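The values are calculated or read from the model by the stated rules, or taken from the named source; none is laboratory data. Owing to the predicted nature of the structure, the values given are computational and were not obtained by experimental measurement. Note: ideal-geometry Cβ built from the backbone for every residue, glycine included; neighbour counts use all protein chains shown. In case anyone asks, the SASA skips ligands and DNA or RNA and just uses the protein heavy atoms, side chains included. Shrake-Rupley method; radii C 1.70, N 1.55, O 1.52, S 1.80 Å.
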Number of protein chains: 4
Amino acid sequence: MSIKRIGLLTSGGDAPGMNAAIRAITLKCINAGWDVIGIEAGYNGLFSLSSRPLTHQDVDNIIQRGGTILKTARCQTLKEDNGSELAAQQLDKLAIDALIVIGGDGSFRGATQINKFWPKPIIGIPGTIDNDINGTDQTIGFWTAIETALSCIDKIRDTADAFERIFVVEVMGRDCGFIAMESGIACAAEQIICKEIIENESDFLSKLYSSIQHAVTWQQTQSYVIVVAENALSISAQTLAQNIQSNTGVDTKSAILGYVQRGGAPVAMDRVLATQLGIAAVDALVQGKSGVMIGTLNNTLVEIPLADTGLKNTANQALIKRLKQFNFDLTD
Amino acid sequence: MSIKRIGLLTSGGDAPGMNAAIRAITLKCINAGWDVIGIEAGYNGLFSLSSRPLTHQDVDNIIQRGGTILKTARCQTLKEDNGSELAAQQLDKLAIDALIVIGGDGSFRGATQINKFWPKPIIGIPGTIDNDINGTDQTIGFWTAIETALSCIDKIRDTADAFERIFVVEVMGRDCGFIAMESGIACAAEQIICKEIIENESDFLSKLYSSIQHAVTWQQTQSYVIVVAENALSISAQTLAQNIQSNTGVDTKSAILGYVQRGGAPVAMDRVLATQLGIAAVDALVQGKSGVMIGTLNNTLVEIPLADTGLKNTANQALIKRLKQFNFDLTD
Amino acid sequence: MSIKRIGLLTSGGDAPGMNAAIRAITLKCINAGWDVIGIEAGYNGLFSLSSRPLTHQDVDNIIQRGGTILKTARCQTLKEDNGSELAAQQLDKLAIDALIVIGGDGSFRGATQINKFWPKPIIGIPGTIDNDINGTDQTIGFWTAIETALSCIDKIRDTADAFERIFVVEVMGRDCGFIAMESGIACAAEQIICKEIIENESDFLSKLYSSIQHAVTWQQTQSYVIVVAENALSISAQTLAQNIQSNTGVDTKSAILGYVQRGGAPVAMDRVLATQLGIAAVDALVQGKSGVMIGTLNNTLVEIPLADTGLKNTANQALIKRLKQFNFDLTD
Amino acid sequence: MSIKRIGLLTSGGDAPGMNAAIRAITLKCINAGWDVIGIEAGYNGLFSLSSRPLTHQDVDNIIQRGGTILKTARCQTLKEDNGSELAAQQLDKLAIDALIVIGGDGSFRGATQINKFWPKPIIGIPGTIDNDINGTDQTIGFWTAIETALSCIDKIRDTADAFERIFVVEVMGRDCGFIAMESGIACAAEQIICKEIIENESDFLSKLYSSIQHAVTWQQTQSYVIVVAENALSISAQTLAQNIQSNTGVDTKSAILGYVQRGGAPVAMDRVLATQLGIAAVDALVQGKSGVMIGTLNNTLVEIPLADTGLKNTANQALIKRLKQFNFDLTD
């Protein structure tokens, strides 16, 4: 079967750089003489048949924009009993010959299911700020989210210093500590808290309070910043801050960075990565590949079966080792 | 009495640009042959006699830094019964001939009290991100806070568009709607909520829900951003988001920008304003002035008696008029 | 005559915030039940009849974008002998009832000429980074250009400090020193050079070299940054740097910031100003005004006859006074 | 011999992230019970014996600063006949037990020479924005320079679009095309020019002019951005722009980004890399290593003999292949 019409969609949480991937795929396909059909709002656009051809002009000047021009969504219909079968029929209605899905682990599970009823090529591109997809060192949007978090924490450091305060800053990452770890190292956080390093929360918190108490007593820093990954603890950032204040007597504030981490112009690295993965996805189709995600491991493009992607093992030994390596807390 | 030693302190909430004022005052005083004594952590440094002379080198390369190299604090001791009298004695112990206070309304109240027991020149410079000081169009830090809020909301707009979501974004301002108003206008917010425009909260919210419902039904925008000033409503940003979602059926998220608005490199306007006010404060001392705050009204430097500063009238008619002028909500 | 169709164009050098004005005008007109016809590439679009109606959707999400969605140009045809008469005819062909021009002094001269042959309302909005239009304290784009220049000079300061170097940094401004002055004050430049303060270039440069020599000898700073307005001197920034190096023996580099100063997301102040001026321009049409530019003087909206706009007097005494006020050079 | 006093210097062109490395090394050494002696202004500080112990406080809040708190320089004395021998003597005068040099290929050549006369451990850390050091995938400062260049080019794109202009943008890189390549891919440059891809300049330029002519004729883009590495061509960016204009008839401007690329707060990636390399350098000393640079290849820390570092092979086949892969120019 020869490919003539590529379907393209973004699905799940949006991530800066998705537009760069959309651009690369579109230009590469146009170069190859293929049509690219943008499907809107993730898999929802399949069911509602909301789609439009993408032209050179459509992808002009989008490489620098956050969000996704195709919109995104988490699709309920696909998860229903015969959702995958129905999706397959809709793809045929749109006369799609091959599908490229930019998204995260949920999006790839959906793609794998659809492939059972639609035996045409499907290629995945990892797009999520959480960097929690198995089989790739990086996902599109990860370094932009870190940079955004970092520039926020740099600002918080200014006011923390001025008041000699303790700050608890919650960053995103769903169930993964990667954003917390990299932004925490980069902002010279006094503590980085993520699920991966906690064996017993109660013990961990006791040790934390005593470690902070020690640092504060010895006045080793003007301020004390704790970067905590969302979902790392059973208590909220606000409660953690209150507990620290009551345990140490030092004024402690909290900040939840939240959705700002999802937006903004992508950093260079995410634009380059997204462009590279987009080109490779089209190349993979040319080579007859299907059912794989294009990832990058040790600076090399790789193809991972979509079925093997899933979430990264959160008991990530490398991450724990890395975190310990960066621990300059002189109280330990 | 001839002035030889200037005391200088920053007090209350820190604001980007305070360092620019410290620099200007220090250089201007050195030029005049005066010594500048930096008092640390606001009025606390008086009581603990924590101070140090400021040199040309100390203020080199600080104009671009957030926070304050002198630290800041809200001082409890000063508010105690004989706090002002004690502060006056401490100023004499430090052999201070004149005092410059960079801060907000609370800091100026403190200065006014001290002046009763210490009959030497005191000059105030308005430094607070909230822009809530009477007698000046702008305070140091205001436009930096707006810019920080704006760049965050621009990022939130990206993800709001991608998901076609409603977002409630809470900005700072203490009891004033200025940050909400300016950042809201600048980000093209669909709604700007501040205390000044609410007569009856329950009525206001009913009208808000119905206005949102109307906009959403007619799909006039890809996303809907509501900028709300802290303390404007009796309910939290999170609760407001939940109420909107239950009233409209549209996915609604909230974000509290929080302390990031206090930090960061000051924008040009705040650096220029702070430099100008710092120079004018020293000039005022040269001219024998005392008990005044240097402000700016309609691009002209003015001197306002510290006792008249206080908080701006929050039932600000100009602000209400301005907000209505910018209301593009087509549903009204 | 009742107005039904507004023509809108941007002309001359583009400035960040022009899109915010386009948005405000479009929404305000739609609210009033008027059509807005966007004319492309300045007055060129008149002659080529390149125009399109602007909708709510067209101006969605443009407030945060640099450039102008209507494109801009400097139009040669308009300057030709019967250019204005022809332009008037083209406006009639497009059935335009009133015209809003966003641009600088050249654009307003063009508008004034057209008005002689086309007796319908024309309103001007000052849009240029140079802030060189008579009759307004600020033009759209001015503070964004300053902020961009400032963030560049902050970066240059880092490397200047590391090497203890002298840097000559050229900023834009056409024949006006405003960008140089504000960015120079804000970056703590050791010297700010603009045409307005130079009486005799040769004398000025001699004094400059000797002032630098003095500062360098006494090592009062780690680095020495000179901000110079384009066209301020008869020699280039590069030649000035070479002359300083040969006069002082200190390693001296130059940087020409150039066109980066024209682009980028507008700062909050420019978005608010542009929105305000756009609304006021439509209001002026409602009130039957014509042949005026909407400006802002001392925080108040004003209407200036287009014929009186022209370039600001470059022998600006206020500017010179202001500059001297900020001169902390201890060698003087 | 047991190590007690570490000498630390930054040398050659400064790069954002050098301070992060200084911080990591200092904290790690303090943890190990060692003294760290900061030597000022590169090897110059050896000859002038300008040095000072670095404390925890000295490295507080420097991770986010561009430049280097130790200053840097290109040292002439070291290159003189017995420069290395003299440097060795000075190291002994300072009672240094081991030396860590953060810099580029010239700095490492110097270190290798000194090691001949000073048989104590020397470790190199690659710090240069140019990423031109053999034996490491990345150098400290590289991604910050790319990000700075990118944000400038994004701004230039705005004005280029508004005027439908061609822009020639020169970026840094000394003799290497890496900054041009990555920033060019990230900004969606229509052309990326670096020395590595030019066999015959005259032929290359002819093909370039014709390729631009073709694109312009077919109006495939609103603007046309050419990113060119410094030293890639025998003609200046300005001359190239003039030639393009005379060949195509399209308005063409040039911009030389220059020294802004050397400064600014380092991006997260550079802070993390610098921290990691700093820790590894101290670890290497603990393990008795000497005469090696710590680099990173495929995400793994490596040690490369200083003598093997040198400049990367500029006829970089991987780079050429990579560039061709990203070439979306539809005219080819």
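Worth pointing out:
- Residues of the range B:46-62 satisfying the condition of being of a type in the set (D, E) and either open to solvent by 40 Å² or more (accessible area, probe 1.4 Å) or touching a Cys at 6+ places or on another chain (Cβ under 6 Å) (or both): B:D58
- Where a residue in the range C:280-294 is assigned by TED's automatic domain parsing to the domain that holds C:T112 and touching a residue at least 24 places away in the same chain (Cβ under 8 Å) and its partner, wherever it lies, is of a type in the set (S, T, Y) and open to solvent by less than 20 Å² (accessible area, probe 1.4 Å), with Cβ under 8 Å and at least six apart: C:M293/C:T136; C:M293/C:T309
- Matching option when the condition is of a type in the set (V, I, T), open to solvent by 10 Å² or more (accessible area, probe 1.4 Å) and farther than 30 Å from B:T128 by Cα, among A:I102, A:I133, A:I125, A:I192: A:I192
- Qualifying residue in the range A:247-263 (condition: more than 13 Å from chain B (Cβ to nearest Cβ) and open to solvent by less than 50 Å² (accessible area, probe 1.4 Å)): yes
- Pick from the range B:264-283, criterion among the hydrophobic types (A, V, I, L, M, F, W, C) and within 14 Å of chain A (Cβ to nearest Cβ), ranking: most open to solvent (accessible area, probe 1.4 Å): B:A265
- Among (1) closer than 30 Å to A:T248 by Cβ; (2) touching a residue at least 40 places away in the same chain (Cβ under 8 Å); (3) touching a helix residue (DSSP H, G or I) at 6+ places or on another chain (Cβ under 6 Å) - the single one A:T159 does not satisfy: (2)
- Residue count, the range C:158-189 (criterion: of a type outside the set (A, V, I, L, M, F, W, C), within 7 Å of another protein chain (Cβ to nearest Cβ) and assigned to a helix (DSSP H, G or I)): 5
- Subset of the range B:62-81 (residues that are touching a Lys or Arg at 6+ places or on another chain (Cβ under 7 Å) and more than 16 Å from B:G278 (Cα to Cα)): B:G66
- Residues satisfying the stated conditions in the range C:1-23, i.e. buried (at least 24 other Cβ atoms within 10 Å of the Cβ) and among the aliphatic types (A, V, I, L, M): C:I6, C:L8, C:L9, C:A15, C:M18, C:A20, C:A21, C:I22
- Taken as a whole, the structure places C:E199 among residues that are charged (D, E, K, R) and assigned to a loop (DSSP other than H, G, I, E, B).
- Where B:T26 falls short, out of the listed (1) over 15 Å from B:P121 (Cβ atoms); (2) open to solvent by 20 Å² or more (accessible area, probe 1.4 Å): (2)
- In this structure, C:G83 does not satisfy being surrounded by 22 or more Cβ atoms within 10 Å (Cβ to Cβ) and not polar (S, T, N, Q).
- Single residue of the range A:206-231 satisfying the filter (among the hydrophobic types (A, V, I, L, M, F, W, C) and at pLDDT 95 or above) that is farthest from the chain's Cα centre (by Cα): A:V225
- Checked against (1) in contact with a helix residue (DSSP H, G or I) (Cβ under 7 Å, 6 or more places away or on another chain); (2) in a helix (DSSP H, G or I), C:Q238 passes all but condition (1).
- None of A:K71, A:K116 is charged (D, E, K, R), open to solvent by 40 Å² or more (accessible area, probe 1.4 Å) and at pLDDT 95 or above except A:K116.
- Filter result for A:K195 (free of Cβ contacts under 8 Å to residues at least 24 places away in the same chain, basic (K, R) and either more than 14 Å from chain D (Cβ to nearest Cβ) or touching a Leu at 6+ places or on another chain (Cβ under 8 Å) (or both)): no
- Among the residues of the range B:136-156, those identified as in contact (Cβ under 8 Å) with a residue 60 or more places away in the chain, surrounded by 24 or more Cβ atoms within 10 Å (Cβ to Cβ) and not β-branched (V, I, T) are B:G141, B:F142, B:W143, B:A145, B:E147, B:A149, B:C152.
- Number of positions in the range A:1-40 that are acidic (D, E) and either more than 14 Å from chain B (Cβ to nearest Cβ) or farther than 23 Å from A:I140 by Cα (or both): 1
- The lone exception for D:L150 - which of (1) more than 10 Å from every other protein chain (Cβ to nearest Cβ); (2) outside any loop (DSSP other than H, G, I, E, B); (3) within 18 Å of the chain's Cα centre (by Cα) it fails: (1)
- Count of residues meeting criterion [within 14 Å of chain B (Cβ to nearest Cβ) and in contact (Cβ under 8 Å) with a residue 24 or more places away in the chain] in the range A:64-96: 12
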